[in-house]
Amino acid sequence: MAKNSLSSTLITSDLRTRFVGQRVIYYPTLTSTMEVAKREAQQGAAEGTVVVAGEQTAGKGRKNRTWLSPRGSIALSVILHPSVAYLPYLIMLASLAVTHSIVAVTGLQPQLKWPNDVLVNGKKVSGILIESSLRGNIVDYAIIGIGVNVNLRLSDFPEIRLTATSLSDELGREVSQLEMIRQLLIEIERRYLALPAGEPIYQEWRDNMVTLGKKVRVKSGKTTYQGIAESVDRDGSLLLRHRDGSLTKVVAGDVTLRD
Ligand code: BTN
């Protein structure tokens, strides 16, 4: 069997979870796992159903950006049915699941960049996208989409080479995608089940946020803010302290570090 071959059976086999990843739908090639997961969720898929793609041809990033997702990367979406109060925590639990999986499988030491990037040595190795559908105060479904650059040579991707990295480029050797996926599913479920004790997840997310304490520029919609990234809130937003002492709460945006 090829070192990095994937299948639903390989992913689910003896997986130590109660429900996350107990049903996996695997496609060698797919437009976007988010699209299929959404369709599955609308048709009543069981909680924990996971859609995995060997490669995506129309991977979705935040803010309608494209997400490069060639063979060698991980692209997966997990369907969940959380209560509405837990929605802000999904980005936190997903980021932490990614960092813990990277540590467990590779020994690399990732860091978090607000709001949803996972970095290794200052470059992006993983992105997370959360989509949800609500009816009033009831969550129909929420989908956690995770992309990880596992075995990519970034020199093959000039468009992202300066800002992105991969686990294999950092380690100088290939990494098992199967092991990474299985670990991710275990880490996601562990934290999802721990949500009723919400505070530790928020605290760990905040404490691993490399952005905090730094001078930053934050682009949010048409507005650009500058200040010191003071903290992150329990609802996931960034608290930015300005020179005049005032504080802005930024709900969504892109951060660049200023020197
Ligand atoms: C970002 O950083 O902009 C978020 C990227 C999220 C990419 C993942 S890959 C799996 C899932 N399917 C997609 O089309 N997007 C998410």
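Numbers for the structure displayed
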{"quantity": "Odd one out for Ser7, checked against (1) loosely packed, with under 15 Cβ neighbours inside 10 Å; (2) touching a strand residue (DSSP E or B) at 6+ places or on another chain (Cβ under 9 Å); (3) small (Gly, Ala, Ser); (4) farther than 24 Å from Asp140 by Cα", "calculated": "(1)"}
{"quantity": "Hits in region 36-56 - residues which are free of Cβ contacts under 8 Å to residues at least 24 places away in the same chain and outside any loop (DSSP other than H, G, I, E, B)", "calculated": "Arg39"}
{"quantity": "Among (1) open to solvent by 20 Å² or more (accessible area, probe 1.4 Å); (2) at pLDDT 95 or above; (3) not in a helix (DSSP H, G or I) - the single one Gly127 does not satisfy", "calculated": "(1)"}
{"quantity": "Inter-residue pairs, beta-carbon under 7 Å, first without any contact (Cβ under 8 Å) to a residue 24 or more places away in the chain and in region 2-25, second surrounded by 12 or more Cβ atoms within 10 Å (Cβ to Cβ) and polar (S, T, N, Q), 6+ apart", "calculated": "Thr12/Gln22"}
{"quantity": "Filtered residues of region 67-104 (kept if touching a helix residue (DSSP H, G or I) at 6+ places or on another chain (Cβ under 7 Å), open to solvent by 10 Å² or more (accessible area, probe 1.4 Å) and either hydroxyl-bearing (Ser, Thr, Tyr) or assigned to a strand (DSSP E or B) (or both))", "calculated": "Tyr86, Tyr89"}
{"quantity": "Among the residues listed as Ser95, Ser73, the single one being within 13 Å of the ligand (Cβ to nearest atom), under 25 Å from Asp235 (Cβ atoms) and modelled with pLDDT of 95 or more", "calculated": "Ser95"}
{"quantity": "Region 237-259 residues that are under 20 Å from Tyr202 (Cα atoms), paired with ones that are among the polar types (S, T, N, Q) and part of a loop (DSSP other than H, G, I, E, B) (beta carbon under 7 Å, 6 or more apart)", "calculated": "Lys249/Ser237; Val250/Ser237; Val251/Ser237; Val255/Thr211"}
{"quantity": "Subset of region 46-66 (residues that are surrounded by 20 or more Cβ atoms within 10 Å (Cβ to Cβ) and at negative phi)", "calculated": "Thr49, Val50, Val51, Val52, Ala53, Gly54, Gln56, Gly59, Lys60"}
{"quantity": "Members of region 63-79 found to be basic (Lys, Arg) and under 23 Å from Ile11 (Cα atoms), listed by number", "calculated": "Arg71"}
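The values are calculated or read from the model by the stated rules, or taken from the named source; none is laboratory data. Just so we're clear, the structure is a prediction, and the values are computed from it rather than from any experiment. Note that we place each Cβ from the backbone using ideal geometry, even for glycine, and neighbour counts take in every protein chain shown. Surface accessibility is based on the protein's heavy atoms, side chains included, excluding ligands, DNA and RNA. Shrake-Rupley method; radii C 1.70, N 1.55, O 1.52, S 1.80 Å.
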